[in-house]
Amino acid sequence: MSKLITIEEAVSHIKDGMTIMYGGFLGCGSAVKLIEAIAQKGVKDLTLIGNDTAYQNKAIGMLIANKQVKKLYASHIGTNPDTIQQFNEKTLDIEFCPQGTLAERIRCGGAGLGGVLTKTGLGTVVAEGKQTVMVDGEEYLLEKPLHADVALIGASICDTMGNSIYKGTTQNFNPMMAMAADLVIVETKELVEVGQIPMEQIHTPGIYVNYIVK
């Protein structure tokens with residue numbers, strides 16, 4: 001069965017109240033066309049998991065601008081004034097995660113692990129309400145795994161089976177997010193036939209990919 005679908009077909013899988021992971025660092029490596037279509041669809045009460053919210057009305061920032069998001073897990077929001085305003089107005093719930101911790105929580109979600117132990121965040125607001133664990137007399141913060149209903153992945157090149165590669169810094173969170181969601185949709189800049197990507201260059205194996213949008 002072909003994994004190739006249209007943007008309209010891809011967006012039909014996005015429903016109110018879903019949890020969505022999105023690759024990207026300030027929009028670099030994001031599935032921008034898919035995000036734009038979700039913004040146009042107008043689904044609401046979304047939970048987003050990503051490094052940041054890009055810029056005002058750009059990439060994932062489109063969903064923030066439309067007030068389609070109720071909760072956000074992110075490392076920082078400083079580049080998007082819409083996110084800051086909604087957070088200050090308490091219309092957007094944000095759980096801030098140190099960047100490395102966020103990456104590890106997503107990795108744990110994909111690997112089926114119970115969480116990651118880290119000293120990052122101990123004694124700060126990051127640790128509020130979270131469990132700590134003693135290991136050999138040292139205290140660690142238990143950061144639990146993150147999982148999503150859908151992951152939106154931005155690939156540089158993808159073959160028709162979903163084997164994907166990411167050029168340069170577009171890789172960022174994409175590979176681990178492709179392992180941590182029930183449904184994975186890849187938006188690719190270039191589509192090639194199976195066998196055209198050397199297997200040792202593949203970042204995300206096609207077995208993780210449900211659908212592909214060119």
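The values are calculated or read from the model by the stated rules, or taken from the named source; none is laboratory data. Small disclaimer: the values here were computed from a predicted structure and weren't measured. Positions of Cβ are generated from backbone atoms using ideal geometry, with glycine treated the same way; all protein chains shown enter the neighbour counts. Please note that ligands, DNA and RNA were not included when accessible areas were found on the heavy atoms of the full protein model with its side chains. Shrake-Rupley method; radii C 1.70, N 1.55, O 1.52, S 1.80 Å.
So the values come out like this:
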item: Per residue, in Å², the accessible surface of the stretch 1-130 once ligands and nucleic acids are set aside, probe 1.4 Å; result: 47 Å²
item: Mean projected area (nm²) of the alpha-carbon convex hull when the stretch 1-106 is viewed from all directions; result: 6.8 nm²
item: Contact order relative to length of the stretch 10-94, as percent, for alpha carbon pairs under 8 angstrom and 6 or more apart; result: 26 percent
item: Cα→Cβ-extended label distance, 7 Å offset, between K41 and T132, nm; result: 4.3 nm
item: Helix-only [θ]222 nm of the chain, DSSP H runs n ≥ 4, -39500 (n - 2.57) each, per residue, nearest 500; result: -5500 deg cm²/dmol
item: DSSP-defined antiparallel bridges as percent of all bridges, the chain, nearest 5; result: 30 percent
item: Cubic angstrom per residue, convex hull over Cα atoms of the stretch 78-127; result: 109 Å³
item: For the chain: relative contact order, % (alpha-carbon pairs under 8 angstrom, 6 or more apart); result: 23 percent
item: Candidates per trypsin sites (Lys or Arg not before Pro) in the stretch 1-100, loop by DSSP, up to 16 other Cβ within 10 Å; result: K15, K44, K67, K90
item: For the stretch 74-122 and the stretch 127-162, distance of Cα centres in Å; result: 10 Å
item: Relative counts (whole %) of C-alpha pair distances in the stretch 156-210, using bins that are 5 Å wide; result: 4, 22, 35, 27, 12, 1
item: Under the Karplus curve 6.51 cos²θ - 1.76 cosθ + 1.60, θ = phi - 60°, whole-Hz ³J(HN,Hα) for the stretch 164-181, x wherever Gly or Pro sits; result: 10, 10, 10, 7, x, 6, 5, 5, 4, 8, 4, x, 6, 5, 5, 9, 10, 9
item: If the convex hull is drawn through the Cα atoms of the chain, its volume per residue in Å³; result: 119 Å³
item: Accessible carbon and sulfur surface of the stretch 1-149 relative to its total accessible area, %, 1.4 Å; result: 52 percent
item: Theoretical gain in end-to-end length, E95 to D16 [0.36 nm per residue, Cα-Cα removed]; result: 26.4 nm
